[in-house]
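First up is the structure itself, then whatever we jot down about it.
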Amino acid sequence: SAVISQKPSRDICQRGTSLTIQCQVDSQVTMMFWYRQQPGQSLTLIATANQGSEATYESGFVIDKFPISRPNLTFSTLTVSNMSPEDSSIYLCSARGWAGTEAFFGQGTRLTVV
Amino acid sequence: GDSVTQMEGPVTLSEEAFLTINCTYTATGYPSLFWYVQYPGEGLQLLLKATKADDKGSNKGFEATYRKETTSFHLEKGSVQVSDSAVYFCALSDYYDMRFGAGTRLTVKP
């Protein structure tokens, strides 16, 4: 199993600003992902964080809005750029050891944009 | 593509009642199946898993059996507790992607 620490746990931000969310895994993992979860909704995959290269984004998400870094096997950041109230959501970091195995999740970052 | 269809709820039960949350899937291959639980203000926690047909996953009194013939992975618990109140997600993984159901909110009343 893997323990994932995500911070901040919550934040209230002004529109037009940016927020960077950090995700630290306690062991080396193959895959890291970022999800968005609207209140009362399921998870929507934003992107796969690739070590040492550009992230792979899902349809509807772009690098300019959600830049992602993954400098090593245990750490990743997601930045939510030029925020608007529509970006208010929970952002979740996830990691998997190998394809096909279970995913582990951080506790999430609850973002409110005012 | 692969997908998961989950009974959306919400579901409200009295303590010690029997719980079933239905989950069916569509997949071209042989996915692994999972149930996750999300308590208020927290991330998702793995509840149980099954990696092949007829496998039964179990944890904390919850069970689910991988039924290939009915493409189902229903979650059951014989006697729920107030502390089981949470949102439950069914998920599948066919090698790379992990797909989640819509989630089912369970409320257990004393």
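The values are calculated or read from the model by the stated rules, or taken from the named source; none is laboratory data. Treat the numbers as computed from the prediction; the structure is a model and nothing was measured. As a convention, Cβ positions derive from the backbone with ideal geometry for all residues, glycine included, and neighbour counts pool all protein chains shown.
Does residue A:113 satisfy the criteria of being crowded, with 19+ Cβ neighbours inside 10 Å and more than 13 Å from chain B (Cβ to nearest Cβ)? Yes; evaluated as a whole, the condition is true for this residue.
Limited to segment A:11-34, what total is found for residues that are at pLDDT below 95 and among the hydroxyl-bearing types (Ser, Thr, Tyr)? Adding up the residues that qualify gives 2. Across segment A:53-69, the qualifying residues are those that are at pLDDT below 95 and among the charged types (D, E, K, R), and the one among them that is nearest to residue A:85 (Cα to Cα) is A:58.
Cβ-Cβ contacts under 7 Å between residues 6 or more apart (or on different chains), taken from a first residue in segment B:55-77 that is acidic (Asp, Glu) to a second residue that is outside any strand (DSSP E or B), are listed as B:55/B:66.
Only one entry of B:45, B:38 meets the criterion of being within 14 Å of chain A (Cβ to nearest Cβ), within 20 Å of residue A:43 (Cβ to Cβ) and without any contact (Cβ under 8 Å) to a residue 24 or more places away in the chain, and that entry is B:45.
Among the residues of segment A:79-106, the ones that are away from chain B (no Cβ under 14 Å) and not in a loop (DSSP other than H, G, I, E, B) come to 5 in all.
Exactly one residue out of A:47, A:2 is closer than 22 Å to residue B:36 by Cβ, more than 15 Å from the chain's Cα centre (by Cα) and either of a type in the set (A, V, I, L, M, F, W, C) or assigned to a strand (DSSP E or B) (or both), and it is A:2.
Condition (residue is away from chain A (no Cβ under 14 Å), crowded, with 20+ Cβ neighbours inside 10 Å and among the hydrophobic types (A, V, I, L, M, F, W, C)) applied to segment B:55-72: is it met by at least one residue? Looking through segment B:55-72, at least one residue is away from chain A (no Cβ under 14 Å), crowded, with 20+ Cβ neighbours inside 10 Å and among the hydrophobic types (A, V, I, L, M, F, W, C).
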